[in-house]
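Participant: Supplied in C-alpha cells, the structure appears directly below.
The values are calculated or read from the model by the stated rules, or taken from the named source; none is laboratory data. Quick caveat, the model's predicted, so the values are computed rather than measured. Note that we place each Cβ from the backbone using ideal geometry, even for glycine, and neighbour counts take in every protein chain shown.
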Amino acid sequence: MQEKWLLTGLSVALLLLGTCSALYEDQIKKFDWRGVNVGALKQSRVDLNHFQPRILVSTHEGVVASLCVKTGELVWRQVLEQKPRGDIKLLQVSGFSDDSSDTAAAPMGSNLGFDMLTVQGHAPALVRGWNTNMGALEWEWSMMPLNTERAQEALWFYSRSVLYHVLPAWRSHLEVTAYFASSGHSTGSTSKLMASWISPESCSLSGTFYVCVDGKQLISLDLVSKSGQVIRTSLEAEPKGSLKAMAGLNGVVIVDGNLISVNKDQSVCPGLQASSYTVGSFNYRKILAYSDLAFGIVKINAVYLDNCEPVTEIEQSLPFPAHFGSPELSNFDCKQKRNGEGKSCLFLFSTSSESIVAVQQGRIRWSREEALANVIDSQFVDLPLADTEGTLESEMKGKAGDFTSFERDIVSAFLRRITTQAVQIRSLFLHVIGLGPPPTDTQRAGLVRDSFGLHKMLVLLTRAGKIFGIDNISGKHHWQLYLPNVSGFDNDEQMRLIVQRSAKHFPLQPLCTILGKDAVNGNGVLYRFNPITGKAAEGGLIQLDYKIKQLSLLGETEKDFVKGILLLDSSNKVHVYPQHATPLADGMYLYTADVRTAELAGYFVKYAGGKLSSTHVWNARLGGHNSEQQIIGVSGKNPIEHVHSQGRVLGDRSVLYKYINPNLVAFVTQAPDATHKSVLNLYLVDVVSGSVVFTITHRKVRAPLALSIQKTGLPTPISMRKCDAQRLVTTIELYEGKTQANNSVWSSLQAPPMPLVERQSYILPTIVETLRETITERGITNKHVLIGTASGSIVEMPWHLLDPRRPIASTTQGREEGAIPYIPELPLPTESHINYNQTVARLRNIYTAPSGLESTCLVVATGLDLFVTRVAPSKTFDLLKEDFDYILISIVLVALTSGSLIVKHLASRKLLKQAWK
Amino acid sequence: MSAKQNSKKFKWALDFNVSKNADIPSPLGYNPSALVNQSEVVRDQRLVIKKSWDLALGPLKNIPMNLFIMYMSGNSISIFPIMMVGMMLIRPIKAIFTTQVTSKMAEGAQGTGQRIVYFLGNLANVALALYKCHSMGLLPTHASDWLAFVQPQTRLEYYGGGVSFV
C-alpha cells in the first residue's frame, strides 16, 4: 500500500518536473511587458510646491495613486477593493478644501492628522488616511450605516477637521452626521434636516451646501450652519443639463457652463462661460482657471477670484489631438517661487476618452491612456510584409488553374522570378548607396513581419470607445482612435472587434471592424479601419438604420478576401455587410439567447433570388420549471482552432473518437434554491439543430464563473462553491465512442449519437477570475489552460492535470494511457505562474492567439493592468535555444571538416609509402 | 636453354631431368583399375546430402533458440530487445535472398526439397520475429496507429450568434 502511494507521488512529481516551464532570471521582461494603469480620473490634486512635487489622483476604478509631475509615471499606486466596496466617494488632500478648514499636517508621532484622506464604499464606508510620500495606509476607520440600501446614495464632505456623512431621503429629509475625520468619533447625534424638495436627479453637493434645481430656481441648504435656512436663488432660464458642483468654492455650482453661487460669502465673477472650471492659486492669490475646446484647440484662461481680472500670464491655447476626445480641466498648480510668469503652471485634464493629459507652457507635457484599464476585446493582427517579400509572395500565388497554358506559365513564372530577383538586387544596391525609395511609415516604425510571426500588432478595444494599436513586443502605442458616441450593447454585451481581412492578402491591406451601438439613438454603428495604420478605411464610420440583435462572421469573398458580417436586427431581418458578400450568408445558422428568461432562439438564413431571409427554426427554454434560471455564461468554440488528433488512444491501444461538434455552445444558468441556496446548470446545446446534447447540475454552487470551451469537446466551467469556500473546477470531455458514425463530414442535422461523457471536478486553492486555453497554429502542441486568479497571477495548467479521465484507482489501463491518478487538489507551483511577480491588478480577461511558430502562443491579459507575453506549452521544440552557442558549433564544425580533410591526405600518403615498401 | 647449352658444352654430363622410360611396369600388386572404389563414392554422396540437409534444416533448428531468446528479452522497448528483434528479422530475410548461392554449394538429387525446406525455415523465423514485434507493439495493427492520418471532419453547417444585444 505504501509502495503504491510512493509510486503515485513519484509519478506526480515527475510529471510536474516535466511541465515546469519557468523563466530564467535573465529572461525577465524579455518576452513580456506590463502596462500599469489607474483608470479614468475622478479627483486629482496637483501639488508643485510640495518638497516632492506630485499629483495625487483618485479614479473611477477605485485606485488612489501619486503621479510623477515630469513624466506622468506612477510613483505609487494603491488598488482598493472591488466595487462597490472600493468605490471612492471622496478624496481630501490636507489643506485643499479651503484655507480656513486646513487641518495642517499632523504633529510628528501622532496619528490624528492626515496627508490624504479617502472615503470609499457605503456599507461599510471606509475612511482611510494615507501617507502621500510612499502611499502607505496610516489609519482607517469604518462606519456601518443602519440602512444599507439607502446608503448607496450617501455623500461625504469635509470641513474643518470634520467629515460629514449626508444621507438623503428623497422628497423628505437629509440626515447629516459629523465625525472627527481622523478618529471616526461622532461629534454628536445625527441631525435630520427637513427638505422635501430633494430628488435624485437634480441635486448636488457643493462644499457644505446641498443644492437642487427646481424649475427656474436653485434651492440650497447649508448643512453646517446652525440656522438651517433654505436659500432660494433664481436662474435666468431652466437649466438644460444637470448641476455640477464647483470643487474648491463653497456653495458654487456650474449650471450649463455658468458659475452660480448660492453662498452669500462666496462671490463669483459674472459672465464666465466654459466647459470646465477649477480653482488654484497663482502669485499667492486665488484664481479660477477655465478651459474650452473649440475646433481642436484647447484654450485655458483664468481670472483672479477677488477682483475678476484676467490672469494674462496663464492664458494659453494648444491643439488637442482628436483621439483624446473632449477635455475637462481637473486641477492645476503653479510654482510659487517663479513669481510673475505663468510658465511654471501644470494643468491636468481628464478627457472623455479616459486619458489623463498634462499641459504645461502651451503644449502637452505627457498623457496617460487610462482607457486601457478597461479593455473589452483584443486581436493580434499580422504585420504587413516587406515590399520585396511581398512581390515574392505574389509570385508564389501565381494562378495555377490554367493547365492548357502550362508551358507558357512556366516560362512566365521563370521570367517573373528573374525580374523579381533583379528588382531585389537593384533595391539592395540602391539601398546600399543610399538612393533607395524612402521606407513607408510602417516600415520606419519597424512594423514588418518577422520570420516566426511573433511580432504582431495588438489591437485593443476599450470600453470608452478608444482603440489602440500596440506593438506586442515593445509595447509601443503606434496609433490611437477614439469613437465618441459609440457605446456597448444592452445586456452588458460589449462592442465587438472583428478582423474582416487578415494581412495575408498582399497587396490588400488588412481590415478591422468595430461594431457598437450609437449612444444617442441606439442604432447599430460600424467602424472600419486599417489595423496597421489606425486610419479609417472603406468608408470609416457607417450608421445603420436598425438595432443590431446579433451578428456572425461569414467566409471570405473571392473578390477582395473580406469576411462578410451577417447582422440580425431587432425585427429578425438579416443584413450583410459588405453587400457583395451576401450570397455567402446562404445556409447560415444564427442563435440568440435572452439572458433574463434563459430562452434561446435559432434562425436559418436563406439567400434566394437576390433576397436574404431568415426563418425561425427552433426555440429552447433553459429557464427551468418556474422560469427562475438566468443565463450567466455563454461560451462557444474558437472558430480558428484546429483539432489535430481526432481521438484518444486508450490503454489497450484502441481509439476513443472525440465528439467534435463544431456547433456546440455551452450555456450556464443560475437560480436561487430553497434547499441548496443556489443551483447552477450547464447545458451543451447544438445551436444548429437546437438539441441539448448534455446537461449537468451543480448544487450549492454559485458564480463567479469562468467558462471555456474547446473544439475537442472539452468545456471547462469553473465555479465557486459558497458553502465551504472551495473553488471548484469541473472538466467535461465528450467522446463519440470507439467508432465514428461519419468520418468525412459533420452535420448537426444528421443527429449523431449522444456522446459519451467523461467528467471530473477539482479544487483549486485560489479564486479564479478567468480561464483561457492556449491555441497554436496547427493544434499539434499540447493544450494548456491559462488560469487568471483574483490575486492577479496567471497560472499555466497542463491539460493532463485537469483531465476528466484521471483514474480514481491506480489501474494499469490508466497508467498506460498516461493519465495520472486522481487527486482532487490541483497544485499551483510557482514556476507555472507565467507573469512571475508582474501582478496584473484586477485581472479580468485573458486572450490568446497563435503565432507563426507551432510551439508558441501569444497571450495578453487585461484588467486594470495589461500584460503581454508568449507561452510555449510543449516548450520551444521548433526553435533553437536562446543560449545556443553558434560560435562553438561553427568552430567545431570547421575544425572537424578541415581535420578530416588533412587526415585524409595524410592517410593516402601513408598508404602510398607502405605500398612502396 | 641453359641446360641445352650445358649439354652441348659438357658432353659427358648426365641429364637427370629428362624423364625416364614411361613404360616401366607398375610395381607388384598395383592394380590401376582398383583406384576408384564404387562404394566409397556412394558413401560420399550420402555425406553431401546429409550435409546439405543440415544446411537446409538449420533455420528450423534455430527456432527453439530464438524462442528462448525472445522469452528472455521481454516485451519492453529498449535497445537490446530491439537489436535482437532486428537481427532475428534481417538474418532470415538475407538468407532467403541468398538461397541460390547457398544451394549451389550442395547440389544434389534432393536440391529442390532442401531449398523449399530452407526457405520455409527462414520464413518461420521471419514470422517469429514479426510475432515478437507484434507483442512488443511495434506493428501498426491497431486503429490508434493510424490516428494521426485521420482527416478532420468537414463541417456542413456554420453558425453565429450569442446573447441578444437588445
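Participant: All but one of (1) at pLDDT 90 or above; (2) more than 26 Å from the chain's Cα centre (by Cα); (3) more than 11 Å from chain B (Cβ to nearest Cβ) hold for A:Asp560, so report the exception by its number.
Facilitator: (1)
Yes or no, residue by residue, for (1) surrounded by fewer than 17 Cβ atoms within 10 Å (Cβ to Cβ); (2) assigned to a helix (DSSP H, G or I); (3) in contact (Cβ under 8 Å) with a residue 12 or more places away in the chain:
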{"position": "B:Gly86", "(1), (2), (3)": "yes, yes, no"}
{"position": "B:Ile93", "(1), (2), (3)": "yes, yes, yes"}
{"position": "B:Tyr118", "(1), (2), (3)": "no, yes, yes"}
{"position": "B:Tyr159", "(1), (2), (3)": "no, no, no"}
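Participant: Which one of these is over 21 Å from the mean Cα position of the chain (by Cα) and either in contact (Cβ under 8 Å) with a residue 12 or more places away in the chain or more than 9 Å from every other protein chain (Cβ to nearest Cβ) (or both): A:Leu566, A:Leu497? So that I can check it myself, show each step before the final result.
Facilitator: Working: A:Leu497 fails: over 21 Å from the mean Cα position of the chain (by Cα).
Result of the check over A:Leu566, A:Leu497: A:Leu566.
Participant: Which one is farthest from the other protein chains (Cβ to nearest Cβ) among residues in region B:132-157 that are in contact (Cβ under 8 Å) with a residue 40 or more places away in the chain and farther than 21 Å from A:Arg648 by Cα?
Facilitator: Let us first name the residues in region B:132-157 that are in contact (Cβ under 8 Å) with a residue 40 or more places away in the chain, namely B:132-133, B:135-138.
Next cut, farther than 21 Å from A:Arg648 by Cα only: B:132-133, B:135.
Values: B:Lys132: 17, B:Cys133: 14, B:Ser135: 12 Å.
If we take residues in region B:132-157 being in contact (Cβ under 8 Å) with a residue 40 or more places away in the chain and farther than 21 Å from A:Arg648 by Cα, then B:Lys132 is farthest from the other protein chains (Cβ to nearest Cβ).
Participant: Moving to a separate point now. If you check A:Leu460, A:Leu454, which single one turns out to be on the phi < 0 side of the Ramachandran plot and either in contact with a helix residue (DSSP H, G or I) (Cβ under 7 Å, 6 or more places away or on another chain) or outside any loop (DSSP other than H, G, I, E, B) (or both)? If you could, list the steps in order and put the result at the bottom.
Facilitator: Numbers: A:Leu454 fails: either in contact with a helix residue (DSSP H, G or I) (Cβ under 7 Å, 6 or more places away or on another chain) or outside any loop (DSSP other than H, G, I, E, B) (or both).
Being on the phi < 0 side of the Ramachandran plot and either in contact with a helix residue (DSSP H, G or I) (Cβ under 7 Å, 6 or more places away or on another chain) or outside any loop (DSSP other than H, G, I, E, B) (or both) holds for just one of A:Leu460, A:Leu454, which is A:Leu460.
Participant: Residues that are at pLDDT below 85 and on the phi > 0 side of the Ramachandran plot: does region A:202-219 have at least one?
Facilitator: yes
Participant: Identify, from the list A:Ala790, A:Ala741, the residue that is among the small types (Gly, Ala, Ser) and more than 25 Å from the chain's Cα centre (by Cα). Don't jump to the end; show me each part of the working.
Facilitator: Numbers: A:Ala790 fails: more than 25 Å from the chain's Cα centre (by Cα).
Matching residue, one of A:Ala790, A:Ala741: A:Ala741.
Participant: Something else now. Taking the stated definitions as given, is A:Tyr179 of a type in the set (Phe, Trp, Tyr), under 20 Å from A:Gly248 (Cα atoms) and in contact (Cβ under 8 Å) with a residue 24 or more places away in the chain? So that I can check it myself, show each step before the final result.
Facilitator: Values: of a type in the set (Phe, Trp, Tyr): yes; under 20 Å from A:Gly248 (Cα atoms): no; in contact (Cβ under 8 Å) with a residue 24 or more places away in the chain: yes.
No.
Participant: Hey, can you tell me all the residues within region A:524-553 that are at the interface with another protein chain (Cβ under 8 Å from one of its Cβ atoms) and not hydroxyl-bearing (Ser, Thr, Tyr)? Let's see the steps before the verdict.
Facilitator: First, the residues of region A:524-553 that are at the interface with another protein chain (Cβ under 8 Å from one of its Cβ atoms): A:547-553.
Matches in region A:524-553: A:Lys547, A:Ile548, A:Lys549, A:Gln550, A:Leu551, A:Leu553.
Participant: Then there's this: Please pick out the residue among A:Leu146, A:Leu137 that is part of a loop (DSSP other than H, G, I, E, B) and surrounded by fewer than 18 Cβ atoms within 10 Å (Cβ to Cβ).
Facilitator: Details: A:Leu137 fails: part of a loop (DSSP other than H, G, I, E, B).
Answer to the selection: A:Leu146.
Participant: It is to be established whether one or more residues within region A:727-745 are surrounded by fewer than 14 Cβ atoms within 10 Å (Cβ to Cβ), of a type in the set (Val, Ile, Thr) and touching a residue at least 60 places away in the same chain (Cβ under 8 Å).
Facilitator: Taking every residue of region A:727-745 in turn, at least one turns out to be surrounded by fewer than 14 Cβ atoms within 10 Å (Cβ to Cβ), of a type in the set (Val, Ile, Thr) and touching a residue at least 60 places away in the same chain (Cβ under 8 Å).
Participant: In region A:872-889, is there at least one residue being modelled with pLDDT of 90 or more and closer than 21 Å to A:Asp382 by Cβ?
Facilitator: Scanning region A:872-889, I find at least one residue that is modelled with pLDDT of 90 or more and closer than 21 Å to A:Asp382 by Cβ, so the answer is yes.
Participant: Could you tell me how many of the residues in region A:569-591 are more than 21 Å from B:Arg155 (Cβ to Cβ) and either at the interface with another protein chain (Cβ under 10 Å from one of its Cβ atoms) or not in a strand (DSSP E or B) (or both)? If you could, list the steps in order and put the result at the bottom.
Facilitator: Filtering region A:569-591 down to residues more than 21 Å from B:Arg155 (Cβ to Cβ) leaves A:569-573, A:575, A:577-580, A:582.
From what is left, the residues that are either at the interface with another protein chain (Cβ under 10 Å from one of its Cβ atoms) or not in a strand (DSSP E or B) (or both) are A:569-573, A:578-580, A:582.
Total satisfying the criteria: 9.
Participant: Please indicate, with yes or no, whether at least one residue in region B:70-92 is within 14 Å of chain A (Cβ to nearest Cβ) and either among the basic types (Lys, Arg) or more than 30 Å from A:Arg778 (Cβ to Cβ) (or both). Lay out the reasoning, then the answer.
Facilitator: From region B:70-92, those within 14 Å of chain A (Cβ to nearest Cβ) are B:75-77; that's our starting set.
Right, trim to either among the basic types (Lys, Arg) or more than 30 Å from A:Arg778 (Cβ to Cβ) (or both) and you get B:75-76.
Within region B:70-92 (the criterion being within 14 Å of chain A (Cβ to nearest Cβ) and either among the basic types (Lys, Arg) or more than 30 Å from A:Arg778 (Cβ to Cβ) (or both)), the answer is yes, since at least one residue qualifies.
Participant: Next question. Residue by residue through region A:503-523, note down the ones that are within 13 Å of another protein chain (Cβ to nearest Cβ) and in a strand (DSSP E or B).
Facilitator: Matches in region A:503-523: A:Leu515, A:Gly516, A:Lys517, A:Asp518.
Participant: Quick check: anything in region A:432-447 within 30 Å of A:Arg778 (Cα to Cα), part of a helix (DSSP H, G or I) and at pLDDT below 90?
Facilitator: Residues of region A:432-447 within 30 Å of A:Arg778 (Cα to Cα): A:442-443, A:446-447.
Narrowing further to those that are part of a helix (DSSP H, G or I): A:442-443.
Next, from what is left, pick out any that are at pLDDT below 90: A:442-443.
Within region A:432-447, one or more residues are within 30 Å of A:Arg778 (Cα to Cα), part of a helix (DSSP H, G or I) and at pLDDT below 90.
Participant: Out of A:Val668, A:Val688, which single residue is at the interface with chain B (Cβ under 9 Å from one of its Cβ atoms) and either crowded, with 22+ Cβ neighbours inside 10 Å or within 29 Å of the chain's Cα centre (by Cα) (or both)?
Facilitator: Working: A:Val668 fails: at the interface with chain B (Cβ under 9 Å from one of its Cβ atoms).
Just a single option satisfies the conditions, and that option is A:Val688.
Participant: Can I ask one more? Within region A:610-630, can you find the residues that are touching a Gly at 6+ places or on another chain (Cβ under 9 Å) and within 14 Å of chain B (Cβ to nearest Cβ)?
Facilitator: As a first pass, look at region A:610-630 and keep what is touching a Gly at 6+ places or on another chain (Cβ under 9 Å): A:616-620, A:629-630.
Result: A:His616, A:Val617, A:Trp618, A:Asn619, A:Ala620, A:Gln630.
Okay, residues lined up against (1) at pLDDT 90 or above; (2) among the charged types (D, E, K, R); (3) over 30 Å from A:Val38 (Cα atoms):
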position	(1), (2), (3)
A:Lys783	no, yes, yes
A:Leu786	yes, no, no
A:Ile808	no, no, yes
A:His833	yes, no, no
A:Asn845	yes, no, no
A:Val860	yes, no, no
A:Leu864	yes, no, no
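Participant: Now for a different question. Could we say that A:Ile287 is crowded, with 22+ Cβ neighbours inside 10 Å, over 39 Å from the mean Cα position of the chain (by Cα) and not in a loop (DSSP other than H, G, I, E, B) here? Break it down stepwise before answering.
Facilitator: Values: crowded, with 22+ Cβ neighbours inside 10 Å: yes; over 39 Å from the mean Cα position of the chain (by Cα): yes; not in a loop (DSSP other than H, G, I, E, B): yes.
Here the answer is yes, as A:Ile287 does meet what is asked.
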